[in-house]
1. Which members of the range 237-257 meet the condition of being surrounded by fewer than 24 Cβ atoms within 10 Å (Cβ to Cβ), part of a strand (DSSP E or B) and touching a Lys or Arg at 6+ places or on another chain (Cβ under 7 Å)?
2. Mind listing just one residue for me: the one in the range 258-279 that is touching a strand residue (DSSP E or B) at 6+ places or on another chain (Cβ under 6 Å) and assigned to a loop (DSSP other than H, G, I, E, B) and, of those, nearest to the ligand (Cβ to nearest atom)?
3. Checking HIS282 against (1) more than 23 Å from the chain's Cα centre (by Cα); (2) of a type outside the set (A, V, I, L, M, F, W, C); (3) buried (at least 22 other Cβ atoms within 10 Å of the Cβ); (4) within 16 Å of the ligand (Cβ to nearest atom), which test does it fail?
4. Within the range 215-236, restricting attention to residues that are part of a loop (DSSP other than H, G, I, E, B) and surrounded by 18 or more Cβ atoms within 10 Å (Cβ to Cβ), which residue is nearest to the ligand (Cβ to nearest atom)?
5. Out of the range 182-199, which residues are in contact with a strand residue (DSSP E or B) (Cβ under 6 Å, 6 or more places away or on another chain) and free of Cβ contacts under 8 Å to residues at least 60 places away in the same chain?
6. Go over the candidates GLY214, GLY191 one by one and state the one that is assigned by TED's automatic domain parsing to the domain that holds GLY323, small (Gly, Ala, Ser) and closer than 20 Å to ARG248 by Cβ.
7. Does any residue in the range 260-273 that is more than 15 Å from CYS330 (Cα to Cα) come within less than 6 Å, Cβ to Cβ, of a residue that is part of a loop (DSSP other than H, G, I, E, B) and within 11 Å of the ligand (Cβ to nearest atom) six or more places away or on a different chain, and which pairs are these?
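The values are calculated or read from the model by the stated rules, or taken from the named source; none is laboratory data. None of these values were measured; they are calculated from a predicted model. So basically every Cβ, Gly included, is an ideal-geometry build from the backbone, and we count neighbours across all protein chains shown.
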Amino acid sequence: MSSTPPSPTRSPLRAARILLLTAAVGVSFGSWANDHGGDHASGAQGAAASQDEPKVIAKDSLKRKMAAGKAAETSAASAPSGKAEPTSVSMAELRDLIDQKIAEVRAKQAAAPAVKIINKSPKPRPAAISSQVRQTMAAHGAAAVPGLPVGHDLHWEYTGAAGPQSWGQLNPEFKACNTGTRQSPIDIRDGIKVQLEPIQFDYRPTPFRVIDNGHTVQVNLDAGNNITVSGRRYELVQFHFHRPSEERINGRQYEMVAHLVHKDAQGRLAVIAVLLDQGKEHPMVQLVWNSLPLEKSIEQASPVMLDMNLMLPEQRQYYTYMGSLTTPPCTEGVLWLVMKQPATLSPYQASVFSRLYANNARPVQSASGRMIKEGQ
Ligand SMILES: [Zn+2]
């Protein structure tokens, strides 16, 4: 590989091919991140993660994108680029050059393992990519398990051996579930009563999709719904449900809770909790139930729009404290805004959810002297 230096006619071609390959790989992973960055709660301060990632979808989608990336790479490698090639080179020469380059690349690939062993060099490029993918998967709640293929979904549950007490040991990525000091949910009590600035809601009727992701029923929304808190603007990306409510207010647990997950431009999360008490039917909850998918992990688009203003209770006072995601990886740095007034849903609506998830609430965590503010 370090034989003859590339001739002047070869190096533009080489440069063009490297560019094409780089572009193909870049586009592939770049678009993957875009597709998945916005549709769920990924990370506080970039470290993050969503509990409620539609894992199967994400995995399949990743496979598709990787295949697309490969295809792009292949076509880039095999397509003689007329633009990049100097006009003085004939087609036959061009073919020879390409054959030669391909042979060079193959020889390098064949030599790679020997180089790796002798020089103890870092992993070759493909392994580096897969580790990047693995990290991304983990950050989205689909953590890697030693001995299993990359991207295998790590199984966690609300009961049994993979239940909340064990989340922190299931994977190093989940460590915060056990060792974190600002975990959620908490029993909200003894808050400092203050005048909190109102949350500014900028919600509008929006198309939505419903998914049963194996941990909850989640609604993914198109862009366009925002809140502003303390001068910071967050966009609503999804909401989902827990039964019973994860939050307690002075020890009281409610029938259910809806978590409205918002993310700002830096990836910081703000979650609005709307407690759901038994009572009158909730029209928005009914719209979601109407679009429940028949199968898990498959998004079901609704033919109607969802107006999130109607998900909120009439009164907008709230409690606020700093906490974490309530599912692995339990990432901290999440701003919690818990509405003081519960909304209601009918006993039938609650029973629909309990047929799918009778208990998907993490137990309350120690408040550890955290500041809780209660709006008046
Ligand atoms: Zn939640």
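1. Result: VAL237, single match.
2. ASP264
3. (4)
4. At the first step, the residues of the range 215-236 found to be part of a loop (DSSP other than H, G, I, E, B) are 215-216, 222-225, 230-231.
Now narrow it down to the ones that are surrounded by 18 or more Cβ atoms within 10 Å (Cβ to Cβ): 215-216, 225.
On the way: HIS215: 9, THR216: 7, ASN225: 17 Å.
Among those residues, the one meeting the criterion is THR216.
5. Within the range 182-199, no residue meets the criteria.
6. Step by step, each of GLY214, GLY191 is checked, and only GLY191 is assigned by TED's automatic domain parsing to the domain that holds GLY323, small (Gly, Ala, Ser) and closer than 20 Å to ARG248 by Cβ.
7. Partner pairs satisfying both residue conditions: ALA273/GLU247.
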